[in-house]
Amino acid sequence: MLNSLFSGDFPRSRVLTAMLIITFVGLLLTPFIFPGARAMNVGAKICIFIVLVAAFDLMLGYTGILSFAHTMFFGIGAYGVAIACDKLGPDWSSVLIGMGAGMVISAVIALVISLFSLRVRTLYFAMITLAVASAFHILCSQLGEVTGGEDGINFMVPDLIHPSTQLAEPFFGVEITGQIVAYYGLFVFALVVFLFILRVVNSPFGRVLQAIRDNEFRAAAIGYRVVVFRSISTVLGSVIAALAGSLLALWLRYNGPGSTLGFDIMMDILLIVVIGGMATMYGSVIGAAIYLIAQNYLQDLLKLVQADVEGIPVISGMLHPDRWLLWMGLAFIICVYYFPWGIVGKLRMRALGIK
Amino acid sequence: MKPPILKLENVNTHIGPYHILHGVNFEVPEGGLTMLLGRNGAGKTTSLRTIMGLWTASQGKVIFEGHDITELSTPEIARLGIAYVPENMGVFTELTVRENMVLAARDAKIDSSRLDWIFTYMPALKKFWEQQAGLLSGGQKQMLSIARAMIEPRKLLLVDEPSKGLAPAIIQNLVEAFKALKQTGTTVLLVEQNFNFAKNVGDTVAVMDNGKVVHRGTMAGLAEDEALQTKLLGLSLDSHQ
């Protein structure tokens, strides 16, 4: 059963298995062991980014396609739900219509971009997607009547997942509200989608994608239509990104250009892939967990440390909480230096006895 | 007499600004092993890549089983039954030996008796069946590359310098494998620099120079004629043994 669940692609490293179990249990119990909206918000974002980054890795790590339009599809999914709930009312049919519309629009745009652009070299394709994503960002900022412009859209969600809805008596001291339902809904959704992507990359289709990434001409010489396989991979990755965007919008009950379309989100995705490890689906889990926890709690950690070193010249200044981005950058450089194949790649190589 | 399975008629190929093939003409008889010989830069690899559609001929025709395949895409050509083993091995390094073979079989399941037959000539592949192909030695990668082309019955096999960089013992295995392949009736067009290898397996030969075919005949005839070898290839069999 486990073999089927993980599609035969096990972590293959004890340390990695332990890290994945800790992440899984941590996310599963977040509302109970880390009470408060902030921890739950970080947990929800980790779940969403696992899906978003896994979809990106399907394209980059497994197919060799670098698409900067990933956040555009993330945004399309988020706008789909936001606009549908805002215009049609906060019920489940609006959510489904918004999600469906976002996924269909993403699939069509991804297919058009693929068919027009995947014949060119990787770098040119990346540039084309960057241009399309930038144009979409500007369009969303200026189409104020539909998208809410720079301010975005605040909208209501169905009562079942609204934070103010009280659903049951407190359980282990935690109030069971709509936010808890939303969190676990998101958790289950992310888990199912992650296992689905894991199945895809370990299927015969996934093997062809890897063959194309390794040696495009050789794959074509065997008889595989490279453009068709690349297009399917791009469409699939983009639709899943749209789905992740829908989940984020439902969680935040808001969507705007800054929350889903910003280039900083694209950078986050790239950093998570590099930290976790390319072409290792588990890399998206480890990378997203480490990166988002550091992004949200490094400043707090520096506050604690600075209290102990206050008054010591230079060191006190360097450990000032406002310098958290500097430490984050340094941690990233160290990570790339010591784990050039990402944390998961390194752990798997070590398990195989390769230094 | 059977018609040739492959025919190149006045094929010209340009790569960027360079004119590489200048009206190549030759035929590959069905069921035999045709050697394509020539000095470095003579246009042998370009000829194979042009047949396979990896580079498109700017002029002329590539005829396979009587059909013009010049304008077809590489996957379409592959699906007609032509397999290509490139010079640089071209294995999928991140995949295992087994996955490489499964990919080569495309939609079909691997024929276990054919696989056993391959293993008799390439036992290393059996030993490293579940190992990542990138971790194989150069010779094993070359074996895998050739085995991948042999896993399914193909009408025509294009092989580019299979013996390059291999140890003599492995080359001998390759010679045996190609001899066995000939027994199955598969047609092979083989580019080679190792004249001894060519002499051992070839039936017919085409020699290229400066993007043109300058000699066609039997391999045995060329192997016996030292003066012709020196003239065409700048070598004699004795000096290459």
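Remarks
- Some residue of segment A:290-301 being surrounded by 12 or more Cβ atoms within 10 Å (Cβ to Cβ) and under 30 Å from B:LEU135 (Cβ atoms): yes
- Any hit, segment B:23-37, residues being free of Cβ contacts under 8 Å to residues at least 12 places away in the same chain and of a type outside the set (A, V, I, L, M): no
- Scanning segment B:133-172 for residues that are surrounded by fewer than 19 Cβ atoms within 10 Å (Cβ to Cβ), touching a residue at least 40 places away in the same chain (Cβ under 8 Å) and assigned to a helix (DSSP H, G or I) yields B:GLY134, B:GLY138.
- Applying the criterion of at least 3 residues that are surrounded by 19 or more Cβ atoms within 10 Å (Cβ to Cβ), within 14 Å of chain B (Cβ to nearest Cβ) and in contact with a Pro (Cβ under 9 Å, 6 or more places away or on another chain) to the helices (runs of 4 or more DSSP H) found wholly in segment A:178-265 leaves A:216-222.
- Scanning segment A:289-312 for residues that are touching a helix residue (DSSP H, G or I) at 6+ places or on another chain (Cβ under 6 Å) and farther than 17 Å from A:ILE333 by Cα yields a count of 7.
- Residues that are more than 8 Å from chain A (Cβ to nearest Cβ) and part of a strand (DSSP E or B), drawn from segment B:65-85: B:HIS67, B:ASP68, B:ILE82, B:VAL85
- Of the set (1) surrounded by fewer than 22 Cβ atoms within 10 Å (Cβ to Cβ); (2) modelled with pLDDT of 95 or more; (3) charged (D, E, K, R), all apply to A:ARG119 but (2).
- Within segment A:335-355, being in a helix (DSSP H, G or I) and closer than 18 Å to A:ILE269 by Cα holds for A:CYS335, A:VAL336, A:GLY342, A:ILE343, A:VAL344, A:GLY345.
- Top-ranked residue of segment A:106-138 - restricted to ones that are touching a residue at least 24 places away in the same chain (Cβ under 8 Å) and not in a helix (DSSP H, G or I), ranked as nearest to A:LEU236 (Cα to Cα): A:LEU118
- Exactly one residue among A:LEU319, A:LEU347, A:LEU330 is surrounded by fewer than 18 Cβ atoms within 10 Å (Cβ to Cβ) and either free of Cβ contacts under 8 Å to residues at least 12 places away in the same chain or more than 14 Å from chain B (Cβ to nearest Cβ) (or both), and that residue is A:LEU330.
- Condition check for B:ALA147: at pLDDT 85 or above and within 17 Å of B:LEU189 (Cα to Cα): yes
- Residue in segment B:95-115 that is touching a residue at least 40 places away in the same chain (Cβ under 8 Å), loosely packed, with under 13 Cβ neighbours inside 10 Å and either closer than 13 Å to A:ARG207 by Cα or out of contact with any Cys (no Cβ under 8 Å at 6 or more places or on another chain) (or both) present: yes
- If you go through segment A:287-316 and keep only what is closer than 30 Å to B:LEU95 by Cα and out of contact with any Leu (no Cβ under 7 Å at 6 or more places or on another chain), you end up with A:GLY287, A:ALA288, A:ALA289, A:ILE290.
- Test: A:SER316 is of a type in the set (S, T, N, Q), part of a helix (DSSP H, G or I) and modelled with pLDDT under 90: yes
- Residue in segment B:51-64 that is nearest to the other protein chains (Cβ to nearest Cβ), counting only those that are aliphatic (A, V, I, L, M) and either assigned to a strand (DSSP E or B) or touching a His at 6+ places or on another chain (Cβ under 7 Å) (or both): B:VAL62
- Hits in segment B:195-231 - residues which are within 30 Å of B:HIS19 (Cα to Cα), polar (S, T, N, Q), in contact (Cβ under 8 Å) with a residue 40 or more places away in the chain and surrounded by 15 or more Cβ atoms within 10 Å (Cβ to Cβ): B:THR204
- Segment B:170-215: number of residues that are under 19 Å from B:MET150 (Cβ atoms) and among the basic types (Lys, Arg): 2
- Entry remark, segment A:7-44: residues being aliphatic (A, V, I, L, M) and either assigned to a loop (DSSP other than H, G, I, E, B) or touching a residue at least 40 places away in the same chain (Cβ under 8 Å) (or both) number 10 in total.
- Helices (runs of 4 or more DSSP H) wholly inside segment B:86-132 that include at least 2 residues being touching a helix residue (DSSP H, G or I) at 6+ places or on another chain (Cβ under 7 Å) and within 14 Å of another protein chain (Cβ to nearest Cβ): B:97-104
- Among residues of segment A:183-200 that are touching a residue at least 60 places away in the same chain (Cβ under 8 Å), those with a Cβ under 8 angstrom from a residue that is assigned to a helix (DSSP H, G or I) and of a type in the set (S, T, N, Q), sequence gap 6+ or separate chain, pair up as A:TYR183/A:THR30; A:PHE194/A:SER284.
The values are calculated or read from the model by the stated rules, or taken from the named source; none is laboratory data. Quick caveat: nothing in here was measured; it's all calculated off a predicted structure. All Cβ positions, glycine included, derive from the backbone under ideal geometry; neighbour counts span all protein chains shown.
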